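Here the structure is laid out as structure tokens; the discussion comes afterwards.
The values are calculated or read from the model by the stated rules, or taken from the named source; none is laboratory data. Since the model is a prediction, treat every value here as computed from it, not as a measurement. Cβ coordinates were reconstructed from backbone atoms using ideal geometry, including for glycine residues, and neighbour counts include every protein chain displayed. Ligands, DNA and RNA are stripped out before the accessible areas are found, and what is left, the full protein with its side chains, is counted by its heavy atoms. Shrake-Rupley method; radii C 1.70, N 1.55, O 1.52, S 1.80 Å.
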Amino acid sequence: MRVLHDEVPDDDDFDAGRRRGEFDNITPDDLIHGADGNPPGWLDARDIERARKQMPIVYVQVVPVQTDDLGRAVRIGTLLSIDETEEEGLTGVNIGGAEGVKRTIVSGRILFHESIREAIARNISKDLGELALPQLPLALQPFTIAQYFPTPGVSECYDPRQHAVALCYVVPIAGDCKPSDETLEVEWTRPEVASSTAFLQTLENGQAIVLKRALAWLGIEE
């Protein structure tokens, strides 16, 4: 099951106007389909597959939370999305008896020439919608770093495609969330429920470890 998502920026992304030198004239279509001679940094399917087999790929993962007036986390956000495991020959977790639905957290690759802060904001916007109003962290120190290996059993975090290094953040959400992209629903759960064994078991391939560490960082225990 893919637990880390790949994204391509849209024309109206929040940082679309930022100068990127040789990338200034590159369009999202160029990044998706390539262009004559390929745009700078473009990797075709064969090249990205080779890169994933030869080097770690850097991601951000975000645990969204809603807070009260005192800044305490009162709701923990997760995503319900379509389970692609059938195509990959892996077994997914059915959520609430719904076959083909999986629970994940916000995640995505850091794009070439993109800052960590921009990657956090873009991936939150992608998964939670443009009106989520995330309160981005003042400091970029993650609460944990998760390593996903393509070989089962090397660590608790597993991604069949690649060795990925994920910088993990807790981000308060002040706005309204709207499912987007592959997300079916943004589900908000009380901390005591999110920290339960039954809930954590609905997250696969190491994402439960990330969520558990986030809850511990927030001072929430089972």
For F199, what accessible surface area do you get with a 1.4 Å probe? Give it in Å², rounded to 10. 20
Sort D69, D176, D47, D159 by accessible area with a 1.4 Å probe, largest first. D69, D176, D47, D159
Through the Karplus equation 6.51 cos²θ - 1.76 cosθ + 1.60, θ set to phi - 60°, convert the phi angles of segment 125-140 into ³J(HN,Hα) values in whole Hz; use x for Gly and Pro. 4, 4, 8, 10, x, 6, 9, 5, 6, x, 9, 4, x, 5, 10, 9
From largest accessible area down, sort C177, C168; use a 1.4 Å probe on the protein chains. C177, C168
Straight-distance crosslink candidates among lysines, where the alpha carbon sits under 17 Å from K126 and sequence neighbours closer than 8 are dropped: K178
How many nm separate the modelled label positions at I116 and A139, each set 7 Å beyond the Cα in the direction of the Cβ? 1.1
Residues whose built amide H sits under 5 Å from the amide H of V170, excluding neighbours closer than 5 in sequence, are V63, F143
Amide H of L184 versus every other amide H placed in the peptide plane: which residues, excluding those fewer than 5 positions away on the same chain, fall under 5 Å? L80, S81, I82
Given the whole protein assembly as supplied and a 1.4 Å probe, what does the accessible area of K126 come to in Å², nearest 10? 30
In terms of modelled amide H atoms, which long-range or inter-chain residues lie less than 5 Å from the amide H of T67? V74, I173
Once you place label points 7 Å from the Cα toward the Cβ at L70 and D47, how far apart are they in nm? 5.4
Probe 1.4 Å, protein heavy atoms only - accessible area per residue of segment 93-222 in square angstrom: 48
